[in-house]
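These notes are about the structure you will find just below.
Computed from the coordinates by the stated procedures, all read-outs in this text should not be read as laboratory data. Predicted model only: the values in this text are computed from it and were never measured. So basically every Cβ, Gly included, is an ideal-geometry build from the backbone, and we count neighbours across all protein chains shown.
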Amino acid sequence: MVNPLVSIIMGSDSDLEVMKEAGKVLKEFDVPFEITVVSAHRTPKRLVEFSENAHRRGIKVIIAGAGGAAHLPGMVAAISPLPVIGVPVKSSNSLDGWDSILSILQMPGGVPVATVALNNAKNAGLLAAQILSVADEDLRKKIISYKEKLTAEVLKKIDKVEKSFD
Ligand code: RP5
């Protein structure tokens, strides 16, 4: 995509099934993004190069997903000045997912990572769009109508539940 505003990175191609949900959301909101693999452990030099340069390339928000000993989001946040959203992935090397969650969530003071729920790359995409919408009126309108749609869907379900014994 030309001039991406969001970078979706993941520790391995095996994270793609989970991480592509972030891309789907960004596509829905017409937010240009890039998606690639950056491994904290297997490509550490690529991680440093990526983190030092993402803001210089025009990226505004980074979504980083990883599983197991998930150091990618935290290491990117340690280097990059951009907001980093972390997605804990329940991967083949995860015990039960808690390892990924805690590796991403329990950052030391001074280096925040906005951590979403396990495998919830969809929320990472939404959060990235919401961050960008602070300076983009059109995008904010799209987010407002997305929320209205969510509400309408639930109201329809409430009606169905309340009438289930009629
Ligand atoms: C992590 O190890 C990756 O983010 C992935 O979730 C996990 C397993 O990687 P593979 O062995 O499938 O490449 O670093």
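Every residue in the range 1-35 that is among the polar types (S, T, N, Q), within 14 Å of the ligand (Cβ to nearest atom) and under 16 Å from Gly86 (Cβ atoms), please. Steps first, answer last, please.
First, pick out the residues of the range 1-35 that are among the polar types (S, T, N, Q): 3, 7, 12, 14.
Among the residues that remain, those that are also within 14 Å of the ligand (Cβ to nearest atom) are: 12, 14.
Passing the criteria: only Ser12.
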Among (1) surrounded by fewer than 19 Cβ atoms within 10 Å (Cβ to Cβ); (2) in a helix (DSSP H, G or I) - the single one Leu132 does not satisfy: (1)
Cβ pairs under 6 Å, 6+ apart, first in the range 1-29 and closer than 14 Å to Ser39 by Cα and aromatic (Phe, Trp, Tyr), second within 14 Å of the ligand (Cβ to nearest atom) and not in a strand (DSSP E or B): none
Scan of the range 41-78 for residues that are without any contact (Cβ under 8 Å) to a residue 40 or more places away in the chain, more than 12 Å from the ligand (Cβ to nearest atom) and under 18 Å from the mean Cα position of the chain (by Cα), ordered by number: Ser51, His55, Gly74, Ala77, Ala78
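Please go through the range 21-57 and pick out each residue that is surrounded by fewer than 13 Cβ atoms within 10 Å (Cβ to Cβ), over 21 Å from Val111 (Cα atoms) and of a type outside the set (Ser, Thr, Tyr). Show your work before the answer.
Restricting attention to the range 21-57, the residues satisfying the condition of being surrounded by fewer than 13 Cβ atoms within 10 Å (Cβ to Cβ) are 24, 30, 36, 42, 45, 52-53, 56-57.
Next cut, over 21 Å from Val111 (Cα atoms) only: 24, 30, 36, 42, 57.
Once the filter is applied, which keeps residues that are surrounded by fewer than 13 Cβ atoms within 10 Å (Cβ to Cβ), over 21 Å from Val111 (Cα atoms) and of a type outside the set (Ser, Thr, Tyr), the range 21-57 yields Lys24, Asp30, Arg42, Arg57.
Tell me which residues, restricted to the range 112-136, are of a type in the set (D, E, K, R) and closer than 10 Å to Ala22 by Cα.
First, the residues of the range 112-136 that are of a type in the set (D, E, K, R): 122, 136.
Within the range 112-136, Lys122 is the sole residue that qualifies.
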The lone exception for Ser164 - which of (1) buried (at least 20 other Cβ atoms within 10 Å of the Cβ); (2) assigned to a loop (DSSP other than H, G, I, E, B); (3) without any contact (Cβ under 8 Å) to a residue 24 or more places away in the chain it fails: (1)
